[in-house]
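Worksheet: the structure to be examined is printed underneath.
Every read-out reported here was derived from the displayed coordinates using simple, explicitly stated rules and does not represent laboratory data. Quick caveat: nothing in here was measured; it's all calculated off a predicted structure. Here the Cβ is made from the backbone with ideal geometry for all residues, glycine too, and neighbour counts use every protein chain on show.
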Amino acid sequence: MNSRLLLFFSLITILFSCRHQQVQILGEAQGTYYAITYFYTSDESFKDEIDSLLTDFDLSVSTYEPSSVISKVNNNDTSVRLDEIFIDIFNKAVEVGDKTNGAFDMTIGPLVNAWGFGFSERIAMDSVIVDSLLQLVDYKAVTIAGNKIHKEVPGMQIDFNAIAQGYSVDYIASFLESKGIKTYLIDIGGEVYAKGLKPGGEPWKVGIEKPARDKNSPRELNAIIGLTNAALATSGSYRKYYLVDGIKYSHTINPATGYPVTHSLLSVTVKAADCCSADAYATAFMVMGLEKTKRFLSQHSKSNSIGRGMDVFLIYTDSLGELQTYLTEGMRELMISESD
């Protein structure tokens, strides 16, 4: 870079830094934390507005909120009218379900609850119960007409937990954009969207957690990547699980079998253009496992049919039980540091 260009970019950085102040907002939502950092022309905080938006979000798609739209849908309340948030997430869930051949299925709710990873107590599972609950799992048997939902089997339940948090990140991003904010980092429970470059021209730094040997182990980073104008979401089996008679039961349920996954893939981090997609595909890839995910990415990257610039960081165990990683080339290019 010649000296004039270097001087030009330095002046732009100085002007940006002088005219924009860093604002950080912390809070709680969806049973987890949120942390938002942005650069703005003043130190104005939009925390009250953001908290209000996240409350509205819960009233639409939180299964833990009895009066939410999704709870009324699951209780077959015929008076419920679907809102824009519910319909948007529903349509994205159908899209990802179609593209992953059902590895992502929003009607997995009855199985998630029965296995003890939802909002009800775990029950003693056997093949008969699993087979009976599988009759309630088929996202293609649920449709929307206008603002009403139709379920072919009344007992079917919708569970957006594997996609809603990512959508909430995009939801808040749209709000910040409406305020003219163009440089920000949104983190809701580990699902992230980064926009723009920080003053100085640096990308936002985002960590990818190393799978722990035990769910109570302290958190360690496996890698740090530089992220801008993209989303990052992670799904893993190493924190949410329980042991019964020495057998580990993961919270990731395979919609095809009705059982928790048992393969070697421990963590999937997906980079995508939007966080809703990143969240959903991270779950779908956890269901698929390592080899199926690699084949899926190879097949779809040629047609770019799963969205612009999707990349993954996969962490798995080899035959000796040692941690190994698989990165797409695009993800490797974003790498700032990686642990041994």
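Here are some notes:
- Which of ALA145, GLY155, ALA173, positive extreme of dipole for segment 135-184 (C-beta unit charges): ALA173
- Take 138-144, 318-324 and order them by the average number of nearby Cβ atoms within 10 Å per residue, most first; the result is 138-144, 318-324.
- Pairwise label distance in nanometres, LYS179 with SER337, each label 7 Å out on the Cα-Cβ vector: 3.1
- Global form of segment 162-211, assessed from the alpha-carbon gyration tensor, a/c cut-off 1.5: oblate
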